[in-house]
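Okay, so here's the structure we're looking at.
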């Protein structure tokens, strides 16, 4: 079975903790060894330094190495330090960028996801149908609910989940058809299987969390899950292909 990773980060971070692989060549070797054929990645510089710099770095990497596909880190532009939404969508289209990620937490990029702050940006992403990746630790569940309800045409993929999130995720999946869960953290007993049964395998998207987490555990979790082969293949690459409106890479 082949896999496409929706949740990967490359580049040297400011703070190195735990299991971390930074260089793209090392990450690619590990991912390919696990049967992963492509990785949608953002650059750590876009998180640690500034989105404009980090997005340029991931674009440069992807131009040299087709294994990686660019994910841009985005933010509102009321301060004039980023791009207005229309210019952002145009630049992404020109650069073949098909997903974005946000880091709104106070100690990170420090902005609100409310309509008065991020509304025009979220509106533009919804109209363009561009999936938004959000780490679980970056937002509250009430904020997730609010975004999903206010922008029903915006696909939101929650990444780096933890097994204790099973109940709240089940409730949100029941209420919002535009919510998707990245699978690497769903390591509680039968949690992945339960979510497939409750919400459908089409609401789960394979990811690894490289280079912070182990790609092997993410692959094993799905490979040995007690679900059908068709469901495994949908999660491994089919659902992401559908969300991105393109053939699986």
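No lab work stands behind these numbers, since they all come straight from the coordinates. Here the structure is a predicted model, which means the values were calculated and not measured. FYI the Cβ positions are ideal-geometry reconstructions off the backbone, even for glycines, and counts take in every protein chain you see.
Overview of values
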{"item": "Packing-based order for 205-214, 148-157, using average beta carbon neighbours within 10 Å, highest first", "result": "205-214, 148-157"}
{"item": "Principal axis dimensions, the range 149-249 - Cα atoms, whole angstrom, descending", "result": "36, 33, 29"}
{"item": "Cut-off 14 Å, label 7 Å out along Cα→Cβ of residue 86, residues of the range 112-128 by amide N", "result": "121, 124"}
{"item": "Distance between modelled label sites at residue 245 and residue 177, nm, 7 Å Cα→Cβ extension", "result": "1.7 nm"}
{"item": "Kirkwood Rh and Cα Rg combined as Rg/Rh, the range 12-85", "result": "1.02"}
{"item": "Per-pair calculated FRET efficiency, R0 = 35 Å: residue 202 and residue 52 via Cβ, rounded to 0.05", "result": "0.50"}
{"item": "Order of 81, 143 under a 10 Å beta carbon neighbour criterion, fewest first", "result": "81, 143"}
{"item": "Additional length obtainable on full extension of the chain from residue 20 to residue 110, 0.36 nm per residue less Cα span", "result": "29.9 nm"}
{"item": "Likely footprinting exposure, 161, 222, fewest C-beta neighbours within 10 Å first", "result": "222, 161"}
{"item": "MRE, 222 nm, helices only [DSSP H, n ≥ 4, -39500 (n - 2.57), over the chain, to nearest 500]", "result": "-11500 deg cm²/dmol"}
{"item": "Ranked list, fewest to most other Cβ atoms within 10 Å of each Cβ, for 134, 243", "result": "243, 134"}
{"item": "Two-decimal Rg/Rh across the range 3-243, once Rg and the Kirkwood Rh are taken from alpha-carbon atoms", "result": "0.94"}
{"item": "Residue 167-residue 78 FRET efficiency (beta carbon distance; Förster radius 35 Å; 0.05 resolution)", "result": "0.45"}
{"item": "Net lengthening on full extension, residue 96/residue 188 (0.36 nm per residue, minus Cα-Cα)", "result": "29.5 nm"}
{"item": "Relative contact order (percent, whole number), the chain, Cα cutoff 8 Å, 6+ residue spacing", "result": "20 percent"}
{"item": "Range of Cα positions in the range 1-127 per principal axis (Å), largest first", "result": "45, 31, 25"}
